[in-house]
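The values are calculated or read from the model by the stated rules, or taken from the named source; none is laboratory data. Just so we're clear, the structure is a prediction, and the values are computed from it rather than from any experiment. Cβ atoms come from the backbone with ideal geometry, glycine included; neighbour counts cover every protein chain shown. All accessible areas refer to the heavy atoms of the entire protein, side chains included, with ligands and DNA or RNA removed. Shrake-Rupley method; radii C 1.70, N 1.55, O 1.52, S 1.80 Å.
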Amino acid sequence: MPDLQFFIIVCEGRTGSNLLVDLLGSHPQIECAPELYHPQAGTFKNYPGISHREFLDLHTYKTSLPIRGFKMPINWILEHPDIVAEFRADRYKIIRLSRENLFDHFLSLKLAILNSNWCSESTYDVQNLKVDPWEWLGFVGTR
């Protein structure tokens, strides 16, 4: 069996990460778990006293596939910067996924919020919106 390879897809919402997880997970040699460290779900926070490695062993890697990874929101890393060293020590490759066009990213976020719908596969009821230039500048300023 070849050496195991591990990866993490680090991303913000509305960057195409669900599609990437689905595409990678459809490959016969790759296991790609969904978001395990979502801030609102608090998945990892529900397991006090265990390491990230133990948490991952409990919740992922149920197959013997040689390439294994999962998705993680960038906010988790910003709130827990020490986690990067832990994952690197476990030989994880960190893939940073972002949208090249920030205005598209901004509009996608706004539409998802307006529609209370974060599922990319469905159609939004509200498809038109007005953009406040100051809100846009605030969004760009955080990048």
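Using the Cβ of V140 as centre and a radius below 14 Å, the other residues enclosed give a net charge of -2, where K and R count +1 and D and E count -1. Think of each Lys and Arg Cβ as +1 and each Asp and Glu Cβ as -1; about the Cα centre, that makes the dipole of the chain roughly 160 debye.
Just the accessible area per residue of segment 58-143, please: how many Å² with a 1.4 Å probe?
68
What does the charge count near Q5 come to, summing +1 for each Lys or Arg and -1 for each Asp or Glu among other residues with Cβ under 13 Å from its Cβ? Intermediate values should be presented prior to the final figure.
Numbers: positive: R68, R91, K93; negative: D3, E31, D90.
Combined, the nearby Lys, Arg, Asp and Glu give 0.
Taking only protein heavy atoms and a 1.4 Å probe, the accessible area of the chain is 56% carbon and sulfur. Please state the shape class of segment 70-134: rounded when a/c is under 1.5, otherwise prolate if a/b exceeds b/c and oblate if not, all from the C-alpha gyration tensor. The shape class here is prolate.
Would you mind calculating the gained length between Y124 and F55 on full extension (0.36 nm times residue separation, minus the Cα-Cα distance), in nm to one decimal? Could the numbers behind the result be given before it?
Working: separation 69, 0.36 × 69 = 24.84 nm, distance 3.55 nm.
Residue separation times 0.36 nm, minus the Cα-Cα distance, leaves 21.3 nm.
Under 1.5 on a/c is rounded, so check that first for segment 1-94, then, if it is not, pick prolate when a/b is larger than b/c and oblate when it is not; a ≥ b ≥ c are the square roots of the alpha carbon gyration tensor eigenvalues. Because a/c hits 1.5 or more and a/b fails to exceed b/c, segment 1-94 counts as oblate. In the chain, helical runs assigned H by DSSP with n ≥ 4 each contribute -39500 (n - 2.57); averaged across all residues and rounded to the nearest 500, the mean residue ellipticity at 222 nm is -10500 deg cm²/dmol.
Close Lys pairs in the chain (alpha-carbon distance under 27 Å; sequence gap of 8 or more, or different chains): 8. Between the alpha-carbon centres of segment 1-23 and segment 77-117 there is a gap of 11 Å.
Once amide H atoms are built 1.01 Å from N in the peptide plane, which residues 5 or more positions from R14, or in another chain, come under 5 Å H to H? Result for R14 returns nothing. Under 5 Å between amide hydrogens, built in the peptide plane, is the criterion, and for E35 it picks out K71 among residues at least 5 positions away or on other chains.
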